[in-house]
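Chemist: Have a look at this one before I ask anything.
Please treat every number below as a calculation from the coordinates, not as lab data. Worth saying up front: this structure is predicted, and the values here are computed from it rather than measured. Here the Cβ positions follow ideal geometry from the backbone for every residue, glycine too, while neighbour counts run over all protein chains shown.
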Amino acid sequence: MDKEYKFANHMGWSDINPYEIVKRVSKKTLVVREMTAIEDESWKPEFIVGGFGGHCTNNNDQKWNIKPNLDNPFIRIRLSKNKGWRDKWGNRFQIDNKPRKKYDYNF
């Protein structure tokens, strides 16, 4: 990990949730904490008929206000040889220079 990344985004199936890196334990272990993400009022999902009940046409244009949440617990993520960054439950993380949030309205 040559670069000093500040965030570790949890990669769900099609959703993304932002976490901040709180501490670097080693090159292969990080302590992270989930951040609070509130949908920006300037963006509203637009739906048309289709899919399970509707299709969000502007799903990839989402805007979120993301900020730290000191009340959330710390978790450790570790870099595995073949599976990337994972927590102890196997959830995937991707380290980055910015926090990211995406909710898949089409799922």
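Chemist: For the chain, set up a Gaussian network in which alpha carbons nearer than 10 Å are linked by springs, and say which option among Phe93, Phe47, Phe74 fluctuates the most.
Modeler: Per the Cα network of the chain with a 10 Å cutoff, Phe47 tops the list.
Chemist: Further question on the same structure: Pairs Lys44/Lys102; Lys28/Lys102; Lys3/Lys88; Lys28/Lys88: which are spaced more than 18 Å apart, C-alpha to C-alpha? Walk me through the numbers on the way to the answer.
Modeler: Values: Lys44/Lys102 13 Å; Lys28/Lys102 26 Å; Lys3/Lys88 24 Å; Lys28/Lys88 13 Å.
Over 18 Å Cα-Cα: Lys28/Lys102; Lys3/Lys88.
Chemist: How large is the dipole of the chain about the Cα centre if only Lys and Arg carry +1 and Asp and Glu carry -1, each at its Cβ, rounded to the nearest 20 debye?
Modeler: Working: 21 positive and 14 negative charges, 188 e Å.
Using Cβ point charges on Lys, Arg, Asp and Glu, the chain gives about 900 debye.
Chemist: What trypsin sites (Lys or Arg not before Pro) in the range 65-103 are in a loop by DSSP, with at most 13 other Cβ atoms within 10 Å of the Cβ? Intermediate results must be reported in sequence, preceding the final value.
Modeler: Numbers: sites: Arg76, Arg78, Lys81, Lys83, Arg86, Lys88, Arg92, Arg100, Lys101, Lys102; in loops: Lys81, Lys83, Lys88, Arg100, Lys101.
Passing sites in the range 65-103 are Lys81, Lys83, Lys88.
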